[in-house]
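Asker: To start, I am sharing the structure in question, which I have written as structure tokens.
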């Protein structure tokens, strides 16, 4: 199951991040996903999880590594499609 994160940034930070991504050819979503994965891997050792929580986190990381995720653009398309179908 995929979850969505909404992020609000000051305009200057967004503009700088957007510029870096465009200049380097990065997807903004992909770069944020990479940062989150790195943070999880680096911080996981000091976080205290129950066994059940750890299994969910581990499964999520494995899904991401297998490429089992949707881009933000795909999620928006799916949302618009469902919205039109429910009218």
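Asker: Report the gain in length on full extension from residue 9 to residue 64: 0.36 nm times residue separation, minus Cα-Cα distance, nm rounded to one decimal.
Answerer: Working: separation 55, 0.36 × 55 = 19.80 nm, distance 2.47 nm.
Gain in length upon complete extension: 17.3 nm.
Asker: Now for a different question. Whole percent per 10 Å bin, from 0 to the bin with the longest distance: what is P(r) over all C-alpha pairs of the chain?
Answerer: Going from the shortest bin to the longest, the percentages are 13, 36, 33, 17, 2.
Asker: Take the Cα gyration tensor of region 38-87, multiply each eigenvalue by 5, square-root it, and list the three semi-axes largest first, rounded to whole angstrom. It would help to have the intermediate numbers written out before the result.
Answerer: On the way: eigenvalues 206, 32, 19 Å².
Values for region 38-87, descending: 32, 13, 10 Å.
Asker: Also, quick follow-up: Would you calculate the separation in nanometres between label points at residue 85 and residue 34, each defined as 7 Å from the Cα along the Cα-to-beta-carbon direction?
Answerer: Taking the two extended label points, one gets 3.4 nm.
FYI, it's all coordinate maths here, none of it is from the lab. Everything numeric here is computed off the predicted structure, so don't read it as measured data. Backbone-built Cβ (ideal geometry, glycine too); neighbour counts: all protein chains shown.
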